[in-house]
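Notes follow once the structure below has been shown.
Where a number appears in this text, it was derived from the coordinates with a stated rule and is not lab data. Treat the numbers as computed from the prediction; the structure is a model and nothing was measured. When we count neighbours, we look across all protein chains shown, and the Cβ atoms used for this are built from the backbone with ideal geometry, even at glycine.
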Amino acid sequence: MKYTTIIGLEVHIEPNTKSKMFCGCPQNHFGAKPNSQTCPICLGLPGALPIANKEAINKVIKLGLALGSTISAKSKFYRKHYFYPDLAKSFQTSQKDNPLCVGGSLLGKAINHIHLEEDAGKLIHQNNISLVDFNRCGCALIELVTAPVFHSTSEVLAFTKELQLIARYLDISGADMEKGTMRLEANISLLLLGSEPVTGSEPVMLPDYKVELKNINSFRFLEKAIEAEIKRQELELSQGRKIKQETRGYDENTKLTFSQRSKEDSQDYRYFPEPDIPPIEIQESRIQELESSLPELPQQKREGFEKQYNLSKEYIEILVSDLTRANYFEKACKLNKNYKLIADLMINKKLDEKYLEPAGLVKKIIELTKTDFIPASDVEQGIREVLSENPDVITSYKNGKGQVIGFLIGQVQKKLSGKGDPKLISAKLLEALHG
Amino acid sequence: MNTPLTIKETQDGLKQKKFSAVELVDAYLAQIKKYNKEYNIFLTVTEDLAYAKAKELDKIGKFDEPLSGVTIAYKDIFLTKDIRTTAGSKILESYVPVYSATSVKKIENAGAIPIGKLNCDAFAHGSSGENSDFGATLNPWDKDYIPGGSSSGSGAVLSANMSLISTGTDTCGSIRLPANYNYLVSLKPTYGAVSRYGVIAMASSLDTVGPLARTIEDVETIFNVIKGEDGFDGTVVNKKGDESKKSKFKIGIPREFFIEGLDSEIEKNIQEVINVYKKENVEFVDVSLPSTKYGISVYYIIQPAEVSSNLGRFDGIRYGNDRDFLGEEAKRRIMLGSYVLSAGFYDSYYDKAMRVRSKIISEVDQVFMKDEVDALIAPVAPTPPFKLGEKINDPLSMYLTDVYAATANLCGIPSLALPSGFTKNNLPLGFQLMGPRFSEHQLFELGKLYHKEIDYKPKTAF
């Protein structure tokens, strides 16, 4: 039997705001000493109240605008209740109805919504005891939920990579999987072929189960984990077994996914609107202001590079996939019109690493293209010597083998240790041969 | 010494050196030592802190801040840095906060002397004070009676003359009821007028923080100290209400509030209040708020829902004691609240209650707008203080104590409760005036008009 894969994604992005979602503690917790970045609010102490972070809201709106979402005029926060030792208040302040961004798409894949929430702390298990680090507790977190519209690992990979790039271009997050500032969850199920949907659209009927694949922390893992899970499901289904609704992880050693938690009974989060945060009203003027502040996005940059600099698709992709390099390239191109050479030197020689400023690279290019050649008399002397040493080549030339000219130029240049002006050598050589 | 009963008397006495701040603290502590064991009013007495502050004030000798030299006792639900804060619950028996509530900071920055933390129904769940895990507080006017809750200690502390002022929280009458049952003035402010930061939450969309004192002037002074944005409570706004001098007031009498079930002495007393006002040229009109009859039902859905959420953090991992230490009422509300928020029940309970709440709000707003009334007059509770133990085994009848309180909390409007006499058994009587949001100033003016006319004098039980 043949199956169609159906995947929906939940992508979490930690925005690079100055402070956490509801308090003044630093948002960036990477490498910080455990519990050194906490306060009554993010520790959920009795009596503490949240104040919504405007910068975080603006960043989500920017992402929504970049992905063509509709920005809600009135948005609300909700309390999502569950117990876990790293969740200080026993509820996560998140969004449900009226999330900040609704709809949108990326690479033709429909986005359900994008919302803002707070992160939980981290549990550290050592020597039979569990410790809680609350540095991450209360950090702002963007959640993007797609429709179940992916049908292959490569589609998922392309989408997430592009999303990462957009987040970086918008300067809303480093979106670094290894650092945990971008995290993926994939809901995977298989549908019997024959009922398969049109690419990019939601299937008419979804399978009656989904397996949530969690804790994917690199693109490499993403690919392997999804492939492994699809294989597992194919095997189960082909042997007539029913697939359990559950959360699974990926084991790098066995290269298999493993069950983490059953989701047969869906958890009741007892959502209700967060009474401590008044509804957020987003004025049209604020949306317009944010929209006009949007930078050039990766796709626009690709098109621009193709049009303006006439680079190959491969080169464009290499440059555009790294905003710092793309900007470097653009700056360099403003200083020198030798676009292809600039790209060459950056991509093949990594000269942008050597010259931190594009001006340095451009100076180097000028040096390269304006070498001081040895005097014309020395060139003429060299030509004479080469011609006297190669009478048979001259004969060939005279017999109509024009291509030997290249060989002769090479010989002259060799004699001159490469210091001859190629144009001059060529002209003088022809002169000598015809003269 | 006879301790003064108002802020003005206190500050005049201090400025004229009739007594020192230390002598005031001596007197209040003597009173606490004499009666506290029997009446169970304080959970913590901050003697050292009170003396330190009093000495500092005496040394400076100026007393020119709004609350200079004023002794204050806080309901034990206000976080006080380095001072145990229990919320009246054994689960927080040994909890010492690392920060103070905004209102505590503001009060102390205004020169007040903190004398201690007051007993209350655990997590403010109750109308009688009997739900405190540290035992009930007795009413100083008659110790067979409850002092009203949940700010039970906040009421009793003033009628027992153990402090000059106190603070309370009002989620559904918890300030007004104890004030009413102790012959005190109190304000349940507009929701969003006073920061709740650092006050242990009961039901977040209904909780308000307010003062109890013996005169309207004192309540006004404290309100002016604690109100306003602090940057830590997103629901607070600096909004100025109508402060114009009115030549004529108009008060609405909600038909639905004067019905069967209301104690006849209270009904008679409020009629007398109305007559006093009429002499002062205040106009009265009958108004109708038909949906307010659902108020208590709505309240007992929204409130437990929010309680179940807010109490989740007391999971036994932090704060000392584990969940076995939660009292019966807290457990009851957690169960009720979890139920009404559950998938499949949310729409028919919580969501429906929220929609009825909106309906009540629009009816009340309409009365203020269309009937152009400045305030609504209402009883604070359906009966005068009741006896200890009378309702404790019947939660539903206890819940009905709050029937007149619910409207102000559900609508977020301010309510001033003030004394208006005594029952034939010498138990305090009073009434409440509710106004539009941020109309505190006009409520104070209306209250003063009445107290001036009856030549009101503050009284303590002993």
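Please average, across the residues of B:314-322, the number of beta carbons from any other chain that are within 10 Å of each residue's own beta carbon, and give a whole number.
2
Can you list the lysines whose alpha carbon is less than 24 Å from that of A:Lys313, not counting same-chain residues fewer than 8 positions off?
The reachable lysines, counting only those whose Cα sits under 24 Å from A:Lys313, are A:Lys109, A:Lys161, A:Lys301, A:Lys331, A:Lys334, A:Lys337, A:Lys340, A:Lys349, A:Lys350.
On average over all directions, what projected area in square nanometres does the range A:376-434 have, based on the convex hull of its Cα atoms?
If I average the Cα hull's projected area over directions, I get 3.4 nm².
Mind ranking A:314-321, A:395-402, A:270-277 by how tightly packed they are, going by the mean number of other C-beta atoms within 10 angstrom, highest first?
Going by the mean number of other Cβ atoms within 10 Å, highest first, we get A:270-277, A:314-321, A:395-402.
For A:Lys210, which sequence-distant residues (separation of 5 or more, or a different chain) have an amide H within less than 5 Å of its own amide H, given hydrogens modelled in the peptide plane?
For A:Lys210, whose amide H was placed from the backbone, the distant partners under 5 Å are A:Glu246.
Does the range B:145-260 come out rounded, prolate or oblate, given a ≥ b ≥ c as the square roots of the eigenvalues of its C-alpha gyration tensor, rounded meaning a/c under 1.5 and, failing that, prolate meaning a/b above b/c?
rounded
Give the shape of the range B:250-402 as rounded, prolate or oblate, defined through the alpha-carbon gyration tensor: a ≥ b ≥ c are the square roots of its eigenvalues, a/c under 1.5 means rounded, and otherwise the shape is prolate if a/b is larger than b/c and oblate if not.
Prolate is the answer for the range B:250-402, as a/c is 1.5 or above and a/b outweighs b/c.
Report, for chain A, the % of DSSP beta bridges that are antiparallel, rounded to 5.
Once the DSSP bridges in chain A are tallied, antiparallel ones form about 95 percent.
Below 14 Å, Cα to Cα, which aspartates and glutamates can B:Lys53 reach? Residues fewer than 8 away in the same chain don't count.
Cα-Cα hits under 14 Å: B:Glu23, B:Asp26, B:Glu65, B:Glu108.
Hull surface divided by four, with the convex hull built on the Cα atoms of the range B:198-305: how many nm²?
Reported value for the Cα convex hull: 9.9 nm².
Taking the Cα atoms of the range A:1-110, report the difference between the largest and smallest coordinate on each principal axis, in whole Å and largest first.
Reported extents, whole Å, longest axis first: 53, 39, 29.
Regarding the range B:387-440, what whole-number volume in Å³ per residue does the convex hull of its Cα atoms give?
Dividing the Cα hull volume of the range B:387-440 by its residues yields 89 Å³.
Classify the range A:74-159: rounded, prolate or oblate, from the alpha-carbon gyration tensor (a ≥ b ≥ c, eigenvalue square roots; a/c under 1.5 rounded; otherwise prolate if a/b is larger than b/c)?
It is oblate, given that a/c is not under 1.5 and a/b is not larger than b/c.
Could you list, in their original order, any pairs among B:Lys59/B:Lys188; A:Lys96/A:Lys255; B:Lys34/B:Lys90 whose Cα atoms are separated by more than 29 Å?
Pairs exceeding the cut-off: B:Lys59/B:Lys188; A:Lys96/A:Lys255.
Cα atoms only: what Rg and Dmax, in Å, come out for the protein assembly as shown?
Final numbers for Rg and Dmax: 38.0, 140 Å.
Can you check how the C-alpha radius of gyration of chain B compares to 2.2 N^0.38 Å, as a plain ratio?
0.91
Need one number: % antiparallel among DSSP beta bridges in the protein assembly as shown, to the nearest 5.
80 percent
Just for the range B:56-187, what percent of DSSP beta bridges are antiparallel, to the closest 5?
20 percent
Show me A:28-38, B:101-111 ranked by packing, highest mean number of other Cβ atoms within 10 Å first.
Listed from highest to lowest mean packing, they are B:101-111, A:28-38.
Take the alpha carbon atoms of the range B:166-183, find their center, do the same for the range B:90-157, and report the distance between the two centers in whole angstrom.
Cα centroid to Cα centroid, the span is 11 Å.
Within straight cross-link reach of B:Lys248, meaning Cα distance under 22 Å, which lysines are found once same-chain residues fewer than 8 apart are removed?
Correct list for B:Lys248: B:Lys240, B:Lys278, B:Lys279, B:Lys370, B:Lys448, B:Lys452.
Treat the range A:3-287 as a sphere of radius equal to its Kirkwood radius over Cα pairs and apply Stokes-Einstein at 4 °C in a medium of 1.567 mPa s; give the translational diffusion coefficient in µm²/s, rounded to a whole number.
For these conditions, the coefficient is 65 µm²/s.
Ranking request for peptides A:93-104, A:294-305, A:55-66: highest mean number of other beta-carbon atoms within 10 Å first, then the rest in descending order.
Averaged packing, sorted descending, gives the order A:55-66, A:93-104, A:294-305.
Where the centroid of each part is defined by its Cα atoms, how far is the range B:3-58 from the range A:213-263 in Å?
Here the two parts' Cα centres lie 70 Å apart.
Among A:Phe91, A:Phe373, A:Phe134, which one shows the biggest mean-square fluctuation in a GNM of chain A, springs joining Cα atoms closer than 10 Å?
A:Phe373
Within a 10 angstrom radius of each residue's Cβ in A:39-46, how many Cβ atoms of other chains show up on average? Whole number is fine.
6
Using modelled backbone amide H atoms (1.01 Å from N, in-plane), which distant-in-sequence or interchain residues come within less than 5 Å of B:Ser166's amide H?
B:Ala73, B:Leu212
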